[in-house]
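Presented below is the structure to which this report refers.
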Amino acid sequence: MKQARFIAVEGGEGTGKSTFCQSLATALQERGQHVVLTREPGGTARAEEIRKVFAMDETAGTLDPWTEMFLICAARRDHMQNLVIPALHAGSWVICDRFEVSTRVYQGELKGLKEQAYFEQSLTLARHGIEVDHYFLLDCPTSVAMTRTQQRTHSADNISRYDTQQESWYEQLRQAYQRTFAQLTGSSQTILDTTVHTPTELCSQALQKLLA
């Protein structure tokens, strides 16, 4: 079986994506793989600057949905061209904390753009012709995600505007991820319940999928 090399880890706020990405990268490195660990929006200097505007700026919540979409796509295009594609061509595994599924959820579902003209074309242009080999969706109940996020806000210096949303928003987000994930085509995919399994077990399950 062909081994996956471009891995995207998706999920809402507080589902444990960052911890999972780091654990998976370490496990693959221990098995002799060269791994590039990155994130979206971000991953390159320019994309990280866009991330600051999009996620942390006090005015970001007032952005028009299409402005958000174009910011995300601009960051992704730069990220793909200058980090992801060169890494893949060099034979590295790439693990990305968020990718296109998150855009489909936040901008497509929650901001209502998925049925509008140019949404799919924008995603295609941003992706730069590269497809994800395997998607992981990290899932947990809304109450758990909120508790984790609240704990994060007490210790973090850079709180995302999403970290202070209400429970109804978290549930809407979770359902949007589940719907979007169910509609994926062209990529292998796995849903991981982060409340049933320990981080070590989650990583072990992921390795079984990737190295089978």
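With respect to Q81, is the statement that it is assigned to a helix (DSSP H, G or I), surrounded by fewer than 18 Cβ atoms within 10 Å (Cβ to Cβ) and modelled with pLDDT under 95 true?
In short, no.
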- Out of L123, L63, sole residue that is without any contact (Cβ under 8 Å) to a residue 12 or more places away in the chain and either within 22 Å of S188 (Cα to Cα) or surrounded by fewer than 23 Cβ atoms within 10 Å (Cβ to Cβ) (or both): L63
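In the range 94-136, how many residues are in a strand (DSSP E or B) and hydrophobic (A, V, I, L, M, F, W, C)? Break it down into steps so the answer makes sense when it comes.
Step one: list which residues in the range 94-136 are in a strand (DSSP E or B), which gives 94-97, 134-136.
Those still in the list that are hydrophobic (A, V, I, L, M, F, W, C) too: 94-96, 136.
Total satisfying the criteria: 4.
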- Message: Just checking, does the range 35-47 include any residue being among the charged types (D, E, K, R), under 20 Å from H128 (Cβ atoms) and part of a helix (DSSP H, G or I)?
- Response: yes
- Go through the range 23-57 and give me each residue that's of a type in the set (S, T, Y) and without any contact (Cβ under 8 Å) to a residue 24 or more places away in the chain. T26
- Only one residue in T142, T149 is surrounded by 18 or more Cβ atoms within 10 Å (Cβ to Cβ), polar (S, T, N, Q), touching a Lys or Arg at 6+ places or on another chain (Cβ under 8 Å) and modelled with pLDDT under 95, so which one is that? T142
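To keep it simple, each residue is scored yes or no on (1) closer than 18 Å to L28 by Cβ; (2) out of contact with any His (no Cβ under 7 Å at 6 or more places or on another chain).
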position: L173; (1), (2): no, yes
position: Q178; (1), (2): no, yes
position: L184; (1), (2): no, yes
position: L192; (1), (2): yes, yes
position: T195; (1), (2): no, yes
position: T200; (1), (2): yes, yes
position: K209; (1), (2): yes, no
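The values are calculated or read from the model by the stated rules, or taken from the named source; none is laboratory data. Worth saying up front: this structure is predicted, and the values here are computed from it rather than measured. Neighbour counts are summed over all protein chains in view; Cβ atoms, including those assigned to glycine, are modelled from backbone coordinates with ideal geometry.
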